[in-house]
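Report on the structure given below.
The values are calculated or read from the model by the stated rules, or taken from the named source; none is laboratory data. Please read all numbers here as calculations on a predicted model, not as lab measurements. Here Cβ is always computed from backbone atoms with ideal geometry, including for glycine, and neighbour counts include all displayed protein chains. Side chains are part of the model used for accessible areas, which takes the heavy atoms of the whole protein and leaves out ligands, DNA and RNA. Shrake-Rupley method; radii C 1.70, N 1.55, O 1.52, S 1.80 Å.
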Amino acid sequence: MWLINTATLQLEEVLEPRKKRYAILSHTWEKDEVSFQEFADLQIAKKKAGFDKIIKTCQMASSRGLEYAWIDTCCIDKTSSAELSEAINSMFEWYKQSDVCFAFVADLLPVARGGALPDWLTHGQYRWFTRGWTLQELIAPKKLEFFDSTWRFRGDKVTLRAKLSQITGIDMSALVDSAYLSGIPVGRKMSWASTRKTTRIEDIAYCLLGIFDINMPLIYGEGVKAFFRLQEEIAKQYNDLSLFSWVANSERAPESQLFRGILAYSPSEFAHCGDIVAYDDYRGINPEFSLTNNGFRMEANLGLGATGGYVLALDGVTLSRQWLGIYLRKIGSGYVRQYPHKLYSTSDLSIWSGERTILYIRKSLGNKENGQILTELASRIYIRYLPIKPYYSIEDTISFPEALWISHGTYFLTMESALRLATPGRGFHPLFTGFKGFNIKYQGAHVCSCLLICGIFPNIQGDTRPLAVIYMDKDPSTKDVFEVVERRQHERGGTLLAEIRQLILSKHAPITGNGVLAWEHVRGRVTELIMGNHCISCLAMTHT
């Protein structure tokens, strides 16, 4: 750490700053600041407009018996990436350890001599409160004093704490003592920076390192990835799901973007989180989570959304006693965030009382991947049971191919989307085949066994269409289908599915004779099974 000797105006390197008493300056940078190299030659430094702030800071520090002062413009050698990284990672502690912090509000106009001091926090807007770096400079120091453009004292942090909390959203407890930061939800702390700006995009992440007690290397040029890295580091240290309580900013992510990863693009997406409070649930809703090369892994109880997706509970509750969650959608072997422009809220915790599930949630998604997900969703085949008569129940016995059956969503992945993306523009569609086996019971007694075979088949016009056929073992004409399943269900490879597909074609495409189905009524991708009166019927596939 480099400190300015307030008597000699010389920089001195200090290896143990805790043993030194110093004042520190908080300000907004202007165009003509003094750099580390320029300060080495006072004749050059004096010609810069920013030199006045250095002189005034040193004079006020000296008048209070302080030997040293620190100012970010001239006390960091920014030509050294190692020194810059060390300074930014240490800055919160440097402000915290200072004897006093002078906050110079350059656009706070002076009061006429003899005039009363107005309530300047209520009746003005100042650049100092809009910058990213000044957030930690407001919170970290134990003693912070405000000065106007003529360096006239305008109050300190303790006496102004109520107004400061009101205009910044920062908890009053954190303003008085930064030790309280650890008990404040991550999402709430992010909201304090939601309206603040930095000159470089990476700095909106780096200026928050001290707020979250995080250390990480600086990589200028990485853009929004810096904020992704910050969130990843926070996830490693805090078991706090309010990290994921952001809402997509329409400026950055248009509302047409239906899916996102679980990480936010910037603090601006936490603007609504100012009323989130910590909620320690003794029933264990708050899961352990970790970052893997397959996304964020966690074991959690998922609730069911109204549109075929899921809801993940966040360990936060609003001041109005609404528990929060985010919408998720199952995509292949993992999950993505659905409806990123809104949060789920409820006062009923029973929605998350389902079976505990291991989740892998993608970190981020691009626009191209959004399109891929939409294609994948459109290529699913859904199977839904609709028991319209009482006392009937269904018992699943087999799903094949098991790897492509998603039980929570009751659908098959047909792999059409993957092959379309692999062969763009060629109109190639895989001829998927799959089946579900189940038993029908009435008041607990076995009624019959059924096979629902579905797939993608070509019709007489040469188009590929989804198809579903149901067979019951009570029908003698279906005996061969059940025998094939029984004989080959434990074999590896596609022999079973190929044989079943051939049986379907032989039974339902005898007229065309060319391996296509002359079925005009097959539409959509949802098969609805209706049970009743000791029989089961399969409705034509309908649109979701």
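Brief remarks on what is shown
- Stretching the chain fully between R200 and K236 yields a gain of 10.4 nm (0.36 nm per residue, less the alpha carbon separation).
- For L66, no residue whose modelled amide H falls within less than 5 Å of its own remains once neighbours fewer than 5 places apart on the same chain are excluded.
- With N counted as the residues of the range 286-405, its alpha-carbon radius of gyration over 2.2 N^0.38 Å works out to 1.21.
- Accessible area in square angstrom per residue, the range 28-168, 1.4 angstrom probe: 47 Å²
- Once backbone amide H atoms are built at 1.01 Å from N, V317 has V277, Y279 as its partners under 5 Å, excluding neighbours fewer than 5 places away on the same chain.
- For q = 0.09, 0.10, 0.15 Å⁻¹, Debye-computed log10 I/I(0) when each Cα of the range 129-266 counts as one equal scatterer: -0.30, -0.37, -0.79
- Normalising the average separation of contacting C-alpha pairs (under 8 angstrom, six or more residues apart) by the number of residues puts the relative contact order of the range 301-375 at 29 percent.
- Relative contact order of the range 146-216, pairs being alpha-carbon contacts under 8 Å that are 6 or more residues apart, as %: 19 percent
- For the range 325-396, the set of GluC sites (Glu not before Pro) satisfying both a DSSP loop assignment and a count of at most 15 other C-beta atoms within 10 Å is given as E355.
- Accessible carbon and sulfur surface of the range 141-242 relative to its total accessible area, %, 1.4 Å: 52 percent
- E486 paired with A162, simple spin-label distance in nm, labels 7 Å along Cα-to-beta-carbon: 8.3 nm
- Antiparallel DSSP beta bridges within the range 1-145, percent to nearest 5: 35 percent
- Extension gain, A112-Q443: 0.36 nm per intervening residue step, less the Cα-Cα distance, totals 110.2 nm.
- Close amide H contacts of T198 (hydrogens built in the peptide plane, cut-off under 5 Å, sequence separation of 5 or more or a different chain): G132.
- Counted residue by residue at 0.36 nm each, then reduced by the alpha carbon distance between them, the extension gain from K31 to V14 reaches 3.3 nm.
- R154, R488, reordered so the largest accessible area comes first (probe 1.4 Å): R488, R154
- FRET efficiency for T79 and T375, using Cβ-Cβ distance with R0 set to 35 Å, rounded to 0.05: 0.10
- Share of carbon and sulfur in the accessible area of the range 32-79 stands at 49%, probe radius 1.4 Å.
- Computed over the range 1-142: relative contact order in percent, which uses C-alpha pairs under 8 Å that are six or more apart: 31 percent
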